[in-house]
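The block underneath contains the structure these notes are about, expressed in structure tokens.
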Amino acid sequence: METVTLIPGDGIGPEVSRAVQKVIDAVGVDIEWKEVNAGAGVMDKYGTPLPDKVLDSVRKNKVALKGPITTPVGSGFRSVNVAIRKKLDLYINLRPVKTYKGAPTKFKDVNYVVFRENTEGLYAGIEHEVGEDAAESIKIITRKASKRIVKAAFEYAKRENRKLVTAVHKANIMKLSDGLFLETAKEVAKEYPEIEFNDRIVDNMCMQLVQYPDEYDVLVMPNLYGDVISDLGAGLIGGLGLTPGANIGDEIAVFEAVHGSAPDIAGKDKANPIALLLSGVLMLRHLEEFEAADRVENAIAEILAEGKVLTKDLGGEAATTEITEEIINRL
């Protein structure tokens, strides 16, 4: 039996988290779920959106599944998601971008993976006001963090038989910070002569992905660019409701969907659970439950291809509970 920390989150988080639990239980993987929570809902009780017991549980169990958590815009507490990644040194943000037949998109055969550095860059949170009319944010790029994320991308490419790694940057303008990232990427690439390597300036990368997404395989980049590029990828494959994610360190992994908490539909049985389910598939593979992972992903692919039981964001009218039960029936 595996022990996994479950962080339901807020908004639609509890609904989609329960859906994932039901599917994983139905596929026959024996998991003991240790539930703890974070976000706005625990502020009054603990005085913080990220209580110590959440981090303690993840450190103990080494694996967590996390529902979406609301981040206030412009004021309030900083992102719980970012805090978890930094405090647990989850330096890899892995976001697969893959088309499924029947998904609401005109693109076909998109299948690339974003490796986003998860601990520094502009998301380091180093910012301050300069008088009343200006503010500064400081971007941190280190050789150590750049090297380990690029090596992670190459190791993934080697393990998964991927042929190309592309470093994404803005070194033409930010010659020192992004220049260091690109220089480090080129150095690491020399250690993997069997894998092709190239680089793209981030704005050109966005254009390339919209025009020729099937030409790319593994993308590796600093923090902010990864956030933007992965959402662009979601648009290519049919939306955030189909986009999974994982945050991985040397010993700990936290699996989460890319989308937000959608408070406007919370509690209405309308949320699409597929993104978090696909994150659960990544978790099952991390736990070496490969057969179960394939069965869940195949069930999702069948339902998308048939197009009969889909939530509203995918062009249907099914409820969260209905699509969850349909996936379980396919198992």
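The values are calculated or read from the model by the stated rules, or taken from the named source; none is laboratory data. Here the structure is a predicted model, which is why all the values come from computation and not from measurement. When we count neighbours, we look across all protein chains shown, and the Cβ atoms used for this are built from the backbone with ideal geometry, even at glycine.
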### Query
Do the conditions hold for ALA145, that is, is it closer than 30 Å to VAL309 by Cβ and not in a strand (DSSP E or B)?
no
### Task
Grab the strands (runs of 3 or more DSSP E) fully contained in segment 1-102, keeping just those with 1 or more residues being surrounded by 15 or more Cβ atoms within 10 Å (Cβ to Cβ) and small (Gly, Ala, Ser).
63-66
### Query
Right, GLY307: closer than 19 Å to ARG18 by Cβ, surrounded by fewer than 17 Cβ atoms within 10 Å (Cβ to Cβ) and in the same structural domain as ASN61 (by TED's automatic domain parsing) or not?
no
### Residue satisfying condition, being hydroxyl-bearing (Ser, Thr, Tyr), under 24 Å from GLU289 (Cβ atoms) and in the same structural domain as ILE328 (by TED's automatic domain parsing), within set THR5, THR70
THR5
### Query
Just one of THR142, THR119 is surrounded by 10 or more Cβ atoms within 10 Å (Cβ to Cβ) and either touching a residue at least 40 places away in the same chain (Cβ under 8 Å) or within 18 Å of the chain's Cα centre (by Cα) (or both); which is it?
THR119
### Query
Picking from LYS144, LYS163, which residue would you name as being farther than 17 Å from GLY249 by Cα, modelled with pLDDT of 95 or more and either in the same structural domain as LEU278 (by TED's automatic domain parsing) or not aliphatic (A, V, I, L, M) (or both)?
LYS163
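Identify, from the list ALA319, ALA262, the residue that is touching an Asp or Glu at 6+ places or on another chain (Cβ under 8 Å) and over 26 Å from MET1 (Cα atoms).
Among ALA319, ALA262, only ALA319 is touching an Asp or Glu at 6+ places or on another chain (Cβ under 8 Å) and over 26 Å from MET1 (Cα atoms).
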### Query
Quick one: which of GLY267, GLY249, GLY179, GLY226 is more than 22 Å from the chain's Cα centre (by Cα) and modelled with pLDDT of 95 or more?
GLY179
### Task
Could you check, for segment 304-311, whether at least one of its residues is within 22 Å of GLY13 (Cβ to Cβ) and out of contact with any Gly (no Cβ under 8 Å at 6 or more places or on another chain)?
no
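Free of Cβ contacts under 8 Å to residues at least 24 places away in the same chain and out of contact with any Cys (no Cβ under 8 Å at 6 or more places or on another chain): which single residue out of VAL114, VAL130 fits that description?
VAL130
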### Message
Any residue in segment 206-231 that is of a type in the set (D, E, K, R) sitting within a Cβ distance under 7 Å of a residue that is assigned to a loop (DSSP other than H, G, I, E, B) and surrounded by fewer than 22 Cβ atoms within 10 Å (Cβ to Cβ)? List the pairs, counting only those 6 or more apart or interchain.
### Response
ASP214/ASP109; ASP214/VAL110; ASP217/ARG162; ASP217/LYS163
### Message
Only one of TYR112, TYR91 is aromatic (Phe, Trp, Tyr), within 22 Å of the chain's Cα centre (by Cα) and within 30 Å of LYS308 (Cβ to Cβ). Can you tell me which?
### Response
TYR112
### Task
For segment 253-260, indicate whether the set of residues that are touching a residue at least 12 places away in the same chain (Cβ under 8 Å), acidic (Asp, Glu) and more than 24 Å from ASN81 (Cα to Cα) is non-empty.
no
## Note on the structure
Across segment 251-303, the tally of residues that are in contact with a His (Cβ under 7 Å, 6 or more places away or on another chain) and charged (D, E, K, R) stands at 0
